[in-house]
Amino acid sequence: MRHPLVIGNWKLNGSTEMVKELIVALCNKLSNVIGCDVVIAPPVVYLDLAKHHLGISNSNLTLGAQNVDTNIAGAFTGEVSASMLKDIGAKYIIIGHSERRTYHKESDDNIVKKFTVLKLTGLIPILCIGESEAENQDGKTESVCARQLDAVINHLGVQALENCVIAYEPIWAIGTGKSAKPTQVQAVHKFIRGYIAKHNVEIAENIIILYGGSVNPSNATELFTQLDIDGALVGGASLMADTFVLIVKAAAQAKQNLRSAALT
Ligand SMILES: O=C[C@H](O)COP(=O)(O)O
């Protein structure tokens, strides 16, 4: 069975004080929580500080980053490379987030290049996919997700999806407080897994598929009770220790319940 994973994407939020307080609180409150992997992705400028505080707390939280450049080194002012992220201790890297697709005009081709450098560097891509509200209303959810998956599969082969994470994030649910319905999300996750299975059943069965879009402590359990929702990519609710911890605990508990039910 797949191990649940909850990732906190802090987006453009933080300060030296906040990094310390949030990490110390998370480490305390999560110290005895087992059964769910937890990643935090602070802004890149705070990664080193975050690593420092995680180290002091002797925590098993893992460090992630929110973006990577397509180049490894050279004259690319303002960019951060995969090897730098690895060097500083990040393991999971978010790519293809709709905020970057929209505000930074990142194309599928560009995202494939990022995916490639991450694989070459030995980092784990968190590939975000998902449709806009208009596409959702036009019934294009599956075709949009398929196109965004094909960008990687057609360029790199399905094997590239081994040890990678998919995050399904319907754009209309991000930061709106309007989460997609758990059964709706389950249907899309099942489609995504089935789409990958057409290329390779084992990779499809093992790949972690997260949901992102207004996940909070009130909707978390029902989401994680769905068979193909392996965890969450959490934005706003990851900025407060209490809410993020409740989401992590909900993932651990819901998946434990599913495991027990499968055994009876
Ligand atoms: O990366 C996280 C997602 O964009 C979800 O953000 P949100 O939880 O604030 O809706």
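The values are calculated or read from the model by the stated rules, or taken from the named source; none is laboratory data. Since the model is a prediction, treat every value here as computed from it, not as a measurement. For neighbour counting, all protein chains shown are included, and Cβ atoms are generated from backbone atoms with ideal geometry for every residue, glycine included. With ligands, DNA and RNA removed, areas are computed over all heavy atoms of the protein, side chains included. Shrake-Rupley method; radii C 1.70, N 1.55, O 1.52, S 1.80 Å.
Counting only residues that are assigned to a loop (DSSP other than H, G, I, E, B) and open to solvent by 30 Å² or more (accessible area, probe 1.4 Å), how many does the range 192-208 have?
Final tally of qualifying residues: 3.
Hey, among the residues in the range 143-184 that are surrounded by 19 or more Cβ atoms within 10 Å (Cβ to Cβ) and assigned to a loop (DSSP other than H, G, I, E, B), which one's farthest from the ligand (Cβ to nearest atom)?
By that ranking, first place goes to Cys164.
Would you pick out the residues in the range 183-215 that are in contact (Cβ under 8 Å) with a residue 24 or more places away in the chain and β-branched (Val, Ile, Thr)?
Thr183, Val185, Val188, Ile192, Ile196, Ile203, Ile207, Ile208, Ile209, Val215
Those residues that are open to solvent by less than 50 Å² (accessible area, probe 1.4 Å) and free of Cβ contacts under 8 Å to residues at least 40 places away in the same chain, I need them from the range 19-45; list them, please. I'd like the intermediate steps shown before the answer.
Let us first name the residues in the range 19-45 that are open to solvent by less than 50 Å² (accessible area, probe 1.4 Å), namely 19, 22-23, 25-27, 30, 33, 35-36, 38-43.
Listed by number, the residues that qualify are Val19, Ile23, Cys27, Pro42, Pro43.
What tally of residues in the range 225-247 results from selecting those that are in a helix (DSSP H, G or I) and either within 14 Å of the ligand (Cβ to nearest atom) or closer than 17 Å to Lys178 by Cα (or both)?
Number satisfying all stated conditions: 7.
Residues of the range 114-142 being polar (S, T, N, Q), part of a helix (DSSP H, G or I) and surrounded by 15 or more Cβ atoms within 10 Å (Cβ to Cβ), which ones?
The answer is Thr116, Thr121, Asn136, Thr141.
Quick one: in the range 229-264, of everything that is charged (D, E, K, R) and surrounded by 19 or more Cβ atoms within 10 Å (Cβ to Cβ), which residue is nearest to Ala167 (Cα to Cα)?
Asp230
Among the residues of the range 1-15, write down those that are part of a loop (DSSP other than H, G, I, E, B) and open to solvent by less than 20 Å² (accessible area, probe 1.4 Å). So that I can check it myself, show each step before the final result.
Keep residues of the range 1-15 that are part of a loop (DSSP other than H, G, I, E, B), which gives 1-4, 10-15.
Pro4, Trp10 - these are the residues of the range 1-15 that are part of a loop (DSSP other than H, G, I, E, B) and open to solvent by less than 20 Å² (accessible area, probe 1.4 Å).
Go through the range 8-20 and give me each residue that's out of contact with any helix residue (DSSP H, G or I) (no Cβ under 8 Å at 6 or more places or on another chain) and aliphatic (A, V, I, L, M).
Within the range 8-20, Leu12, Met18 qualify.
Those residues that are within 16 Å of the ligand (Cβ to nearest atom) and open to solvent by less than 60 Å² (accessible area, probe 1.4 Å), I need them from the range 101-113; list them, please.
Narrowing the range 101-113 to residues within 16 Å of the ligand (Cβ to nearest atom): 101-104, 106, 111.
The answer is Arg101, Glu106, Ile111.
Residue pairs, Cβ under 6 Å, 6 or more apart or interchain, first in the range 91-108 and more than 22 Å from Val6 (Cα to Cα), second open to solvent by 40 Å² or more (accessible area, probe 1.4 Å) and within 12 Å of the ligand (Cβ to nearest atom). List them.
From the range 91-108, the pairs are Glu106/Arg100.
Out of the residues in the range 209-224 meeting the condition of being open to solvent by 20 Å² or more (accessible area, probe 1.4 Å) and either modelled with pLDDT under 95 or closer than 23 Å to Ile23 by Cβ (or both), tell me which one is nearest to the ligand (Cβ to nearest atom).
Selected residue: Asn216.
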